[in-house]
Amino acid sequence: MKEDGEFWMSFEDFKKNFTKLEICNLTPDALGDDKLHKWTVSINEGRWVKGCSAGGCRNYPDTFWTNPQYRLKLCEEDDDPDVAEVVCTFVVALMQKDRRKERKVGGSFHTIGFAIYELQGNKQHLLKDFFLYRASKSRSKSYINLREVSQRFSLPPGEYVIIPSTYDPHQEGEFVLRVFSEKQNLSEETENQIIADNPEPSPTTAKEESEEDLQFRRIFEQISGEDMQITASELRNILNRVVKKHKMKTDGFTLESCRSMVALMDTDGSGKLNLMEFRHLWNKIKKWQTIFKEYDKDNSGLIDSYEMRTAVNDAGFHLNSQLYEIISMRYADENMNLDFDSFICCLVRLEGMFRAFHAFDKDGDGIIKLSVLEWLQLTLYA
């Protein structure tokens, strides 16, 4: 036998010594036959983050939609005269990154897989309802704890979305998603446009005041005193009395939260809220309280960080995955839950940041250039 690393053995001996055989291809160029084919490849790197984008498989509909999503556009059908159907052949390969490092400290490979859904022009991150009422067009054969899961598919030209996930939610890790196709394809992560679509309501004039407005004014006068303004400390007392009256399960608002609210609504720079500013804030808090209660179905006074994504969207703020990760890290507790105070504080900060950004974005192109002073003003204002 030559010492070149090649040897031969009988099939019976092979069965005795080995239990598993994996055939690897560096690329799919020769998967179908002996002829050389040139495939195009698109590569996307991503990660699953607990409480934000680690939604688990389709068995968990409340969180599955939060997984990273990758839009796949199949542009040209295969050149195969033996196939009557108009299809595009492609291979999806999902590989876990750096799991061997985790194994050294007691970790292991996650159980991973993916599902493919057909799209109809939607380029934004798909929400829960999309997956509740649509079946997948195709998917990996099974979820398995291997370093890489790959499979070959043939689908009609069109747009699709690939959802890579671990089997169970809350499992963190990094991955690489590769798509090989015989013809040109486009694969990219779906992202929401970062916008806030909640318009500022016009202040009411004295002539427009209803009986409810007059009653609100009388209450404010009793609280504020002669100067008709309230401080952050006074605002905290008012709001905590209100939430206690509504029997919400919360420890109440912190002074820091109320200072943020005053900074958001203080349009005249007094450091206090006048009647119009307080009324404006009051309407916002009532709206946000309604949203919070909608997701706090068990009346525990908490919502989890996955529900927070939808709640923030309902409040009029459309963010991307990176920002949702920051929100989870900043406002969620160790169990990835948010209380009412954290929820309101987060929305106040978001509105303040959007408002401050638009104040600097003079030409409205979504890009600003700031000096150090302006940057400090922006962050302190928000």
Check your understanding: What residue, among those in segment 314-326 that are within 14 Å of the chain's Cα centre (by Cα) and in contact (Cβ under 8 Å) with a residue 40 or more places away in the chain, is most open to solvent (accessible area, probe 1.4 Å)?
Key -> L323
**Study point:** Check on M336, closer than 26 Å to F220 by Cα, of a type outside the set (S, T, N, Q) and touching a residue at least 60 places away in the same chain (Cβ under 8 Å)
**Key:** no
Study note, to complete from the structure: Checked K249, K286, K297 against criteria (touching a residue at least 12 places away in the same chain (Cβ under 8 Å), open to solvent by 10 Å² or more (accessible area, probe 1.4 Å) and either under 16 Å from V348 (Cβ atoms) or not in a helix (DSSP H, G or I) (or both)); the one match is K249
Review point. For segment 122-153, how many residues meet the condition of being farther than 23 Å from E22 by Cβ and in contact with a strand residue (DSSP E or B) (Cβ under 7 Å, 6 or more places away or on another chain)?
Key: 5
Check your understanding: Quick one: is M336 surrounded by 14 or more Cβ atoms within 10 Å (Cβ to Cβ) and more than 23 Å from M261 (Cβ to Cβ)?
Key -> yes
Exercise for review: Answer with yes or no whether I303 is closer than 26 Å to F64 by Cβ, crowded, with 18+ Cβ neighbours inside 10 Å and of a type in the set (A, V, I, L, M).
Suggested key: yes
**Study point:** Filter result for the condition that a residue is of a type outside the set (G, A, S) and more than 25 Å from W65 (Cβ to Cβ), over E325, E334, E374
**Key:** E374
**Study point:** Failed item, numbered, when A263 is tested on (1) open to solvent by 30 Å² or more (accessible area, probe 1.4 Å); (2) aliphatic (A, V, I, L, M); (3) closer than 30 Å to T190 by Cβ
**Key:** (3)
Check your understanding: Can you spot a residue in segment 144-165 that is open to solvent by less than 20 Å² (accessible area, probe 1.4 Å) and assigned to a loop (DSSP other than H, G, I, E, B)?
Key -> no
**Study point:** Leading residue by the ranking (most open to solvent (accessible area, probe 1.4 Å)) among those in segment 201-219 that are in contact with a Lys or Arg (Cβ under 9 Å, 6 or more places away or on another chain) and either at pLDDT 75 or above or outside any loop (DSSP other than H, G, I, E, B) (or both)
**Key:** R217
Practice item. Please state which of the following conditions V149 fails to meet, knowing it meets all the rest: (1) at pLDDT below 90; (2) in contact with a Leu (Cβ under 9 Å, 6 or more places away or on another chain). Key: (1)
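Anything in segment 220-232 that is open to solvent by less than 60 Å² (accessible area, probe 1.4 Å) and touching a Lys or Arg at 6+ places or on another chain (Cβ under 9 Å)? List them, or say none.
Residues satisfying the conditions are F220, S224, Q229, I230, T231, A232.
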Exercise for review: Among the numbered conditions (1) part of a loop (DSSP other than H, G, I, E, B); (2) open to solvent by less than 20 Å² (accessible area, probe 1.4 Å), tell me where P81 comes up short.
Suggested key: (2)
Exercise for review: Determine whether segment 118-129 contains at least one residue that is surrounded by 18 or more Cβ atoms within 10 Å (Cβ to Cβ) and farther than 22 Å from Y324 by Cβ.
Suggested key: no
Check your understanding: What residue, among those in segment 166-198 that are of a type in the set (D, E, K, R) and part of a strand (DSSP E or B), is surrounded by the most Cβ atoms within 10 Å (Cβ to Cβ)?
Key -> R178
Review point. Only one of (1) farther than 30 Å from P157 by Cβ; (2) in a loop (DSSP other than H, G, I, E, B); (3) open to solvent by 60 Å² or more (accessible area, probe 1.4 Å); (4) at pLDDT 90 or above is not met by A54, so which one is it?
Key: (3)
Practice item. Mind counting the residues in segment 252-268 that are in a helix (DSSP H, G or I) and either farther than 12 Å from L281 by Cβ or among the small types (G, A, S) (or both)? Key: 6
Point to revise | Flag if R349 is open to solvent by 80 Å² or more (accessible area, probe 1.4 Å), touching a residue at least 60 places away in the same chain (Cβ under 8 Å) and either in contact with a Leu (Cβ under 7 Å, 6 or more places away or on another chain) or under 21 Å from C52 (Cβ atoms) (or both) | key: yes
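The values are calculated or read from the model by the stated rules, or taken from the named source; none is laboratory data. Predicted model, so just to flag it, every value in this text is computed and none were measured. Quick reminder, even Gly has a Cβ in these numbers, built from the backbone with ideal geometry, and neighbours come from all protein chains shown. Heads up: the accessible areas ignore ligands, DNA and RNA and are worked out on the full protein's heavy atoms, side chains in. Shrake-Rupley method; radii C 1.70, N 1.55, O 1.52, S 1.80 Å.
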